[in-house]
Amino acid sequence: MHKVLTRRRLIAAAPVLATGLITGFPRIRRAHADAGVVNIYSARHYPSDQTLFDMFTQETGIAVNAIQGVAEELMQRQQMEGDSSPADVLITVDAGNLWRAEQWNLLQPIHSAILDKEVPANLRHPVNLWFSFSTRARVILRDKSKVQAEDIPTYEELADPKWQGKILITTSNSIYNQSLLASIIEADGSEKAEAWAKGLVANLARRPEGADTEQALALAAGVGALAVSNSYYFGRLLGRDDETRKKLEHVGIVFPNQQDRGTHINVSGGGVAAYAPNKENAVKFLEFLISPEAQKVFADANYEFPVRAGVAPIDIVAAWGNFKPDPVNVSALGKNNAEAVRIMDRAGWR
Ligand code: FE
């Protein structure tokens with residue numbers, strides 16, 4: 001995951017470094033002159049993001065400048081910009097990335113009664129460096145014609161030799177898999193987690209390739225019997241069109257570990273940038289993201305689960321029913337990330 005910046009990207013980031021100006025921002029719109037601006041670095045990018053920014057500007061008069069990109073590149077950019085970074089807010093996905101942002105000192109702790117109240121304690125950083133705004137579950141998909149739901153009650157079960165040649169999962173480069181393994185380390189300890197990773201690798205239906213979506217589609221096409229995927233990729237496929245829905249008719253979703261710790265979840269989240277020039281507006285933006293209206297837009301855009309109590313997920317997701325999430329503080333996923341990567345290497349997880 002630790003890609004090196006390409007020369008082209010370094011050059012692209014250079015004007016910002018040299019001048020300290022926000023030259024890279026695609027849209028700078030004016031609102032009330034005195035309400036100011038908020039500059040957002042976002043690794044989430046959906047058409048609905050603009051809806052959210054517009055809602056925020058309408059509500060507060062604060063103009064939004066957004067720059068969107070891949071998490072690691074945005075974080076590297078912010079790091080290079082240092083204390084002259086224009087970033088006020090960093091939004092990203094996966095606790096592993098939020099942890100990395102913390103390690104790189106890209107965030108600052110903030111105090112907000114609203115965020116303290118509405119974001120559950122296990123979904124925010126222990127000293128409020130970041131907050132989660134939506135969650136996603138790493139679920140198991142099953143070919144209903146081959147596997148009964150009760151036959152695959154836990155992640156641990158995926159390592160059972162009876163599933164040899166049956167499992168589809170992405171590579172160990174996926175931070176989603178790293179975080180899943182980090183959660184297993186947290187629950188079962190390193191030794192058992194390593195035995196699990198080895199068992200899983202021995203059960204693969206094919207060499208890991210493609211993203212989560214490709215695992216679901218391969219399953220639909222008759223490859224393997226079980227796939228591991230983030231819930232929203234399955235939701236997106238179901239929401240795509242009738243043809244795709246038809247293809248997936250014999251694919252079912254399983255929320256593992258309901259009888260013990262609960263299903264592994266991860267988050268989209270964000271925090272206030274370490275050198276935010278508009279800190280107050282940054283806090284206001286994060287508070288806006290946890291409002292009921294924003295939660296609905298934020299979670300619906302990507303078939304995720306809203307964090308705020310009382311806000312329902314989109315229909316397709318709601319139809320899966322309720323499940324028990326693993327209540328561990330998601331910061332443990334970052335803490336165990338390096339250990340997870342070492343275990344994956346030893347297990348030969350490509
Ligand atoms: Fe994703």
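The values are calculated or read from the model by the stated rules, or taken from the named source; none is laboratory data. Just so it is clear, the structure is predicted and the values come from calculations on it, not from any experiment. Reconstructed Cβ throughout: ideal geometry from the backbone, glycine too, with neighbour counts over all protein chains shown.
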Among the numbered criteria (1) assigned to a helix (DSSP H, G or I); (2) more than 16 Å from the ligand (Cβ to nearest atom); (3) out of contact with any His (no Cβ under 7 Å at 6 or more places or on another chain), which single criterion is violated by Gly239? (2)
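Of Glu214, Glu209, which residue is surrounded by fewer than 21 Cβ atoms within 10 Å (Cβ to Cβ), within 18 Å of Arg350 (Cβ to Cβ), outside the structural domain of Ser42 (by TED's automatic domain parsing) and within 13 Å of the ligand (Cβ to nearest atom)? Before you say what the answer is, go through the steps one by one.
On the way: Glu209 fails: within 13 Å of the ligand (Cβ to nearest atom).
Only one candidate qualifies: Glu214.
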Please find, among Ser183, Ser179, the residue that is in the same structural domain as Gly224 (by TED's automatic domain parsing), assigned to a helix (DSSP H, G or I), in contact with a Leu (Cβ under 8 Å, 6 or more places away or on another chain) and within 16 Å of the ligand (Cβ to nearest atom). Ser179
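Taking the stated definitions as given, is Arg240 surrounded by fewer than 17 Cβ atoms within 10 Å (Cβ to Cβ) and within 18 Å of Asn302 (Cβ to Cβ)? Working first, answer last.
On the way: surrounded by fewer than 17 Cβ atoms within 10 Å (Cβ to Cβ): yes; within 18 Å of Asn302 (Cβ to Cβ): yes.
Against the criterion (surrounded by fewer than 17 Cβ atoms within 10 Å (Cβ to Cβ) and within 18 Å of Asn302 (Cβ to Cβ)), Arg240 qualifies.
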Residue count, region 177-203 (criterion: over 24 Å from the mean Cα position of the chain (by Cα) and closer than 17 Å to Ala225 by Cβ): 3
Yes/no for Phe288 being of a type in the set (Phe, Trp, Tyr), within 16 Å of the ligand (Cβ to nearest atom) and touching a helix residue (DSSP H, G or I) at 6+ places or on another chain (Cβ under 7 Å): no
What single numbered condition from (1) part of a loop (DSSP other than H, G, I, E, B); (2) within 16 Å of the ligand (Cβ to nearest atom); (3) not basic (Lys, Arg) fails to hold for Gly165? (2)
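Every residue, every condition in (1) in contact (Cβ under 8 Å) with a residue 24 or more places away in the chain; (2) in contact with a Cys (Cβ under 8 Å, 6 or more places away or on another chain); (3) part of a helix (DSSP H, G or I); (4) surrounded by 23 or more Cβ atoms within 10 Å (Cβ to Cβ), yes or no:
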| site | (1), (2), (3), (4) |
| --- | --- |
| Ile67 | yes, no, no, no |
| Asp83 | yes, no, yes, no |
| Pro86 | yes, no, no, yes |
| Glu102 | yes, no, yes, no |
| Asn105 | yes, no, no, no |
| His111 | no, no, no, no |
| Ile114 | yes, no, yes, no |
| Lys117 | no, no, yes, no |
| Val127 | no, no, no, no |
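Consider region 284-308. How many of its residues are part of a helix (DSSP H, G or I) and closer than 17 Å to Ala66 by Cβ? Don't jump to the end; show me each part of the working.
So in region 284-308, the residues part of a helix (DSSP H, G or I) come out as 284-289, 292-300.
Next, only the ones that are closer than 17 Å to Ala66 by Cβ stay: 284-286, 288-289, 294, 297-298.
Qualifying residue count, region 284-308: 8.
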Name, by its number, the condition in (1) within 16 Å of the ligand (Cβ to nearest atom); (2) of a type outside the set (Lys, Arg); (3) surrounded by fewer than 21 Cβ atoms within 10 Å (Cβ to Cβ) that does not hold for Asp188. (1)
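Tell me whether region 223-234 contains one or more residues that are among the hydroxyl-bearing types (Ser, Thr, Tyr), under 25 Å from Ile314 (Cβ atoms), more than 15 Å from the ligand (Cβ to nearest atom) and outside any loop (DSSP other than H, G, I, E, B).
No: zero hits.
Of the residues Lys296, Lys324, Lys279, which is under 27 Å from Glu102 (Cβ atoms), touching a residue at least 12 places away in the same chain (Cβ under 8 Å) and in contact with a strand residue (DSSP E or B) (Cβ under 8 Å, 6 or more places away or on another chain)?
Numbers: Lys296 fails: under 27 Å from Glu102 (Cβ atoms); Lys324 fails: under 27 Å from Glu102 (Cβ atoms).
Going through Lys296, Lys324, Lys279 in turn, just one is under 27 Å from Glu102 (Cβ atoms), touching a residue at least 12 places away in the same chain (Cβ under 8 Å) and in contact with a strand residue (DSSP E or B) (Cβ under 8 Å, 6 or more places away or on another chain): Lys279.
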Going through (1) touching a Lys or Arg at 6+ places or on another chain (Cβ under 9 Å); (2) in the same structural domain as Asn281 (by TED's automatic domain parsing); (3) over 19 Å from Ser231 (Cβ atoms) one by one, Val127 fails only at (1)
